[in-house]
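Below is one structure, written out as structure tokens; comments come after it.
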Amino acid sequence: MRISIVFAFIIAVVFFACGGGQSADGTKNASVKNGADQNQVDQLKIGRKAFKRFCVACHGADGKLGINGAKDFAQSDLNLEERIEVITNGRGMMTPFKGILKPEQIKAAAEYTIHLGKQTEE
Ligand code: HEC
């Protein structure tokens, strides 16, 4: 009994320590002074992080992989709202990310897919 409490405590500490690194996406950290440009950069960073972790498996690092019928982002004509909708609620073979990612992370990931699409067009 006692051992399991200690064990739970260790797990809690480890979880907390790992979770700490994730909090870089906290809106509180984004300084108001930084202005729109810096915010945009922060958004892309959050989006890239979420994308690398959750989306690359199907979409590929450049958004062109197309596993399970995933669309090349450069060919996508969905706007930001529509992308947020697809990422939040899923579509076809794509899993919904509601509950896995925070709404801010979903928005950032959606913006990142637009960014990827633009890059590959050139
Ligand atoms: C299990 C594989 C899989 C994962 C993981 C996945 N996707 Fe998808 N995604 C798909 C597939 C398949 C489609 C095409 C859905 C359809 O229209 O049937 C798609 C479609 C999309 C679209 C719409 C593109 C368009 O123009 O139709 C966006 C945007 C998108 N995914 C973003 C993401 C983001 C961001 C993530 C990570 C948070 C992600 N996806 C993770 C498989 C995946």
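The values are calculated or read from the model by the stated rules, or taken from the named source; none is laboratory data. Just so you know, these numbers come straight off a predicted model, no measurement behind them. Note: ideal-geometry Cβ built from the backbone for every residue, glycine included; neighbour counts use all protein chains shown. Protein only, heavy atoms only, side chains kept; ligands, DNA and RNA dropped before computing areas. Shrake-Rupley method; radii C 1.70, N 1.55, O 1.52, S 1.80 Å.
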- Could you please tell me which pairs satisfy a Cβ distance under 8 Å, a separation of 6+ or placement on different chains, a first residue in the stretch 83-97 that is in contact (Cβ under 8 Å) with a residue 24 or more places away in the chain, and a second residue that is more than 6 Å from the ligand (Cβ to nearest atom) and hydroxyl-bearing (S, T, Y)? F97/T88
- Query: When you go through (1) over 13 Å from the mean Cα position of the chain (by Cα); (2) open to solvent by 60 Å² or more (accessible area, probe 1.4 Å) one by one for L78, which number turns out not to apply?
  - Reply: (2)
- Query: If you go through the stretch 15-38 one residue at a time, do you hit one that is more than 10 Å from the ligand (Cβ to nearest atom), closer than 17 Å to A110 by Cβ and modelled with pLDDT of 55 or more?
  - Reply: no
- When I84 is evaluated against the numbered criteria (1) closer than 21 Å to D42 by Cβ; (2) surrounded by fewer than 13 Cβ atoms within 10 Å (Cβ to Cβ); (3) in contact with a helix residue (DSSP H, G or I) (Cβ under 7 Å, 6 or more places away or on another chain), which criterion, by number, is the only one it fails? (2)
- Task: Mind counting the residues in the stretch 52-77 that are within 6 Å of the ligand (Cβ to nearest atom), under 25 Å from E104 (Cβ atoms) and in contact (Cβ under 8 Å) with a residue 12 or more places away in the chain?
- Result: 6
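Are any residues in the stretch 90-113 on the phi > 0 side of the Ramachandran plot and near the ligand (Cβ under 7 Å from one of its atoms), and if so, which ones?
G92
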- Message: Please verify whether A61 is part of a loop (DSSP other than H, G, I, E, B) and surrounded by fewer than 16 Cβ atoms within 10 Å (Cβ to Cβ), treating the condition exactly as stated.
- Response: yes
- Count of residues meeting criterion [more than 6 Å from the ligand (Cβ to nearest atom) and more than 11 Å from T113 (Cα to Cα)] in the stretch 78-89: 5
